[in-house]
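*Asks:* I have a structure I would like to understand better, so I am pasting it below and will then ask my questions one at a time.
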Amino acid sequence: MNVVIVKNYQELSVRAAQLVADQITRKKNIVLGLATGQTPVGMYQGLIKKYKKGEIDFSQVVTFNLDEYYGLSPEHPQSYHYFMWDTFFQHININKEKIYLLNGITDNIDEECQRFEDLIKKRGGIDLQILGIGDNGHLGFNEPAIGLKSKTHLVNLSKATIHANVKYFNDIKEVPRQALTMGIGTIMKAEKIILLASGRKKSPVIVKTIKGPVSTEVPATVLQLHNEVTIILDQDVASKL
């Protein structure tokens with residue numbers, strides 16, 4: 001586990017964008033696992049700038065998104081499908097046929113989850129997985145539990161996650177109670193992983209993730225068992241290490 005501490009969120013975003021860009025340069029048809037939320041936004045902006053400068057080419061890149069709210073259509077402004085297109089995809093030259101997102105309004109959950117797993121396998125697995133981290137240590141939407149599911153699945157969101165996400169909706173009643181997410185096993189099969197974290201609020205869970213015992217009660221601790229993990233932190237979130 002390689003822990004990189006930088007000055008602030010801006011530097012974190014620049015460092016993350018450079019790491020991803022380097023991997024794309026090395027392997028033009030790289031398979032990326034992508035995260036949503038506020039933390040990776042700066043990284044996406046950095047990658048867009050590099051593309052517009054002609055430094056990187058996304059035409060052969062393949063992407064899989066970590067998760068999606070269950071019950072939200074792709075057109076819903078708070079769906080992760082909408083987020084990714086609005087924040088990233090529409091600004092680069094990625095082939096839309098190589099973008100894979102979970103269907104939040106599927107009529108057959110099991111079939112959709114298996115479809116996603118099969119597509120990842122067909123594409124040769126994820127080369128580089130980008131992760132954020134929840135206040136409670138969740139990765140994707142894999143919430144703290146007695147046991148964690150390995151493959152893509154439907155999950156009931158915890159009260160902590162629902163309350164953390166209410167800022168994106170008009171009312172807490174609008175926040176979805178379920179989501180589709182890659183499982184921990186799927187995430188851990190990625191060849192390389194980058195975890196991004198920023199802000200003092202997440203400093204307690206970062207301490208547990210890096211120094212605590214591996215436990216399903218803090219899902220992010222499983223990253224200690226992966227051979228190629230880089231954790232990029234700003235000084236605020238790293239303040240308690």
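The numbers here are math on the coordinates, done by the rules we state, and not lab data. Model, not experiment: these values are computed from the prediction. Cβ sites come from the backbone with ideal geometry, for glycine too, and all protein chains shown count toward neighbours.
*Asks:* Given the rule -39500 (n - 2.57) for each run of at least 4 DSSP H residues, summed and divided by the residues of the chain, what is its mean residue ellipticity at 222 nm, to the nearest 500 deg cm²/dmol?
*Replies:* -9000 deg cm²/dmol
*Asks:* Running a GNM on the chain with Cα contacts under 10 Å, which residue among Asp118, Asp57, Asp127 ends up with the highest mean-square fluctuation?
*Replies:* Asp118
*Asks:* DSSP beta bridges in the stretch 2-234, what fraction antiparallel, as a percent rounded to 5?
*Replies:* So the antiparallel bridges in the stretch 2-234 amount to around 30 percent.
*Asks:* Please state, to two decimals, what the Cα-based radius of gyration of the chain comes to when divided by 2.2 N^0.38 Å (N = residues).
*Replies:* Compactness ratio reported: 0.94.
*Asks:* Go through 81-89, 179-187, 22-30 and give me the packing order, highest mean Cβ count within 10 Å leading.
*Replies:* Highest-to-lowest ranking by the protection proxy: 179-187, 81-89, 22-30.
*Asks:* Let me have the relative contact order for the stretch 135-241, percent, based on Cα pairs under 8 Å that are six or more residues apart.
*Replies:* Averaging sequence separation for qualifying contacts and normalising by length gives 32 percent for the stretch 135-241.
*Asks:* Also: Amide H neighbours of Ala145 under 5 Å, at least 5 residues apart or on other chains, H built in the peptide plane: list them.
*Replies:* Under 5 Å from the amide H of Ala145 lie the amide H atoms of Glu217, each far enough along the sequence or on another chain.
*Asks:* Could you put Glu68, Glu111, Glu97 in order, starting from the residue whose Cβ has the fewest other Cβ atoms within 10 Å?
*Replies:* Neighbour counts put them in this order, fewest first: Glu97, Glu111, Glu68.
*Asks:* Below 11 angstrom from the Cβ of Asp236, what's the summed charge of the other residues (Lys, Arg +1; Asp, Glu -1)?
*Replies:* Once positives and negatives cancel, what remains is +4.
*Asks:* A further question on this structure: By its C-alpha gyration tensor, with a ≥ b ≥ c as the square roots of the eigenvalues, how is the stretch 100-236 shaped: rounded for a/c under 1.5, else prolate for a/b larger than b/c, else oblate?
*Replies:* oblate
*Asks:* Moving on. Can you grab the distance from the C-alpha centre of the stretch 122-142 to the C-alpha centre of the stretch 163-241, Å, no decimals?
*Replies:* Cα centroid of the stretch 122-142 versus Cα centroid of the stretch 163-241: 9 Å apart.
*Asks:* Does the stretch 120-201 come out rounded, prolate or oblate, given a ≥ b ≥ c as the square roots of the eigenvalues of its C-alpha gyration tensor, rounded meaning a/c under 1.5 and, failing that, prolate meaning a/b above b/c?
*Replies:* Values: a/c = 2.05, a/b = 1.58, b/c = 1.30.
In terms of gyration-tensor shape, prolate.
*Asks:* For the stretch 33-153, what's the relative contact order in percent, using C-alpha pairs closer than 8 Å and at least 6 residues apart?
*Replies:* 30 percent
*Asks:* Follow-up question, since we're still on this one. When the chain is modelled as a GNM with alpha-carbon springs shorter than 10 Å, which of Gly54, Gly125, Gly140 fluctuates the most?
*Replies:* Of Gly54, Gly125, Gly140, the Gaussian network model singles out Gly54 as fluctuating most.
*Asks:* Please give the direction-averaged projected area of the C-alpha convex hull for the stretch 1-87, in square nanometres with one decimal.
*Replies:* Its Cα hull, projected and averaged over all orientations, spans 6.7 nm².
*Asks:* Okay, next question. Please find, in a Gaussian network model of the chain (springs between Cα atoms separated by less than 10 Å), the residue of Val222, Val31, Val166 whose mean-square fluctuation is greatest.
*Replies:* Largest GNM mean-square fluctuation: Val166.
*Asks:* From Cα pairs below 8 angstrom and at least 6 apart in sequence, can you work out the relative contact order of the chain, rounded to a whole percent? Let's see the in-between values first.
*Replies:* Details: 481 pairs, mean separation 61.1, N = 241.
It rounds to 25 percent for the chain.
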